[in-house]
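Working notes, beginning with the structure itself.
The values are calculated or read from the model by the stated rules, or taken from the named source; none is laboratory data. Here the structure is a predicted model, which means the values were calculated and not measured. Every residue, glycine as well, gets a Cβ built from its backbone with ideal geometry; the counts of neighbours run over all protein chains shown.
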Amino acid sequence: KAGVTQTPRYLIKTRGQQVTLSCSPISGHRSVSWYQQTPGQGLQFLFEYFSETQRNKGNFPGRFSGRQFSNSRSEMNVSTLELGDSALYLCASREGAGETQYFGPGTRLLVL
Amino acid sequence: DQQVKQNSPSLSVQEGRISILNCDYTNSMFDYFLWYKKYPAEGPTFLISISSIKDKNEDGRFTVFLNKSAKHLSLHIVPSQPGDSAVYFCAASGATGGFKTIFGAGTRLFVKA
């Protein structure tokens, strides 16, 4: 099976802009989670979608939003970008709750 | 509130010796624990997991130990190899948290040849 794919891999934006990141899960996986990784902070949980519904949410401001489509692909949107949003954004998929997550390569976002 | 803590940001080990990476958690409702390895410019890769009904799980050179009373788990790598040099993340999840997976900050392992 193909792994989790994320596009784009790299992105440069300026403050105030918005950005949309895309994630395609492993075939058959219905759950997609998003994480933000910054140096020294580990992986901070953003949200999880399962069958097009947001099932879990982390402690991020409303500027961070997501959605999942009927084919399980997911998008994450960040509006009004701030310098502190510069990070590696990782997507992970799994078959269902309680199963092991598998990660994509990430999208590295740089906000100038 | 850091529910999963990896207190050692880095660890250096000689090739062939044992690497021990530690992780502590605070939420007693966690019942599934995982270790991931991450190389630069790649996403984390699943390494090994353990459920709360066990206290040890082994997979080749990798063994995870769980001490529920101390809310502590550790990953042992024996023997360590230079290719093991990476960042290791500890993670935990549980049914009561909706199976949300919480990650630690990571420990960077250096294995010297």
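Structure above, values below:
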| quantity | calculated |
| --- | --- |
| Candidates A:Lys13, A:Lys1 - the one that is in contact (Cβ under 8 Å) with a residue 12 or more places away in the chain and in contact with a strand residue (DSSP E or B) (Cβ under 6 Å, 6 or more places away or on another chain) | A:Lys13 |
| Answer from A:Gly42, A:Gly106 - the residue that is without any contact (Cβ under 8 Å) to a residue 12 or more places away in the chain and surrounded by 18 or more Cβ atoms within 10 Å (Cβ to Cβ) | A:Gly42 |
| In region B:69-107, residue farthest from the other protein chains (Cβ to nearest Cβ) [restricted to those that are within 23 Å of B:Pro40 (Cβ to Cβ) and aromatic (Phe, Trp, Tyr)] | B:Tyr88 |
| Test result for A:Ala92, small (Gly, Ala, Ser) and under 20 Å from B:Pro40 (Cα atoms) | yes |
| Criterion (within 14 Å of chain A (Cβ to nearest Cβ), surrounded by fewer than 17 Cβ atoms within 10 Å (Cβ to Cβ) and charged (D, E, K, R)) met by exactly one of B:Glu42, B:Glu15 | B:Glu42 |
| Strands (runs of 3 or more DSSP E) wholly inside region B:1-53 that include at least 3 residues being more than 15 Å from the chain's Cα centre (by Cα) | B:10-14 |
| Residue in region A:77-86 that is at pLDDT 95 or above and acidic (Asp, Glu) present | yes |
| Test: residue in region B:66-77 that is without any contact (Cβ under 8 Å) to a residue 12 or more places away in the chain and β-branched (Val, Ile, Thr) | no |
| Region A:1-32, residues that are modelled with pLDDT of 95 or more, crowded, with 20+ Cβ neighbours inside 10 Å and of a type in the set (Ser, Thr, Tyr) | A:Ser24 |
| Any strands (runs of 3 or more DSSP E) falling wholly within chain A and containing at least 3 residues that are within 10 Å of chain B (Cβ to nearest Cβ) | A:31-38, A:42-50, A:53-57, A:87-94 |
| Filter result (in contact with a Gly (Cβ under 8 Å, 6 or more places away or on another chain) and either more than 24 Å from B:Ile53 (Cβ to Cβ) or not hydrophobic (A, V, I, L, M, F, W, C) (or both)) within region B:82-99 | B:Val87, B:Tyr88, B:Ser93 |
| Residue in region B:72-91 that is within 24 Å of A:Phe47 (Cβ to Cβ) and touching a Cys at 6+ places or on another chain (Cβ under 8 Å) present | yes |
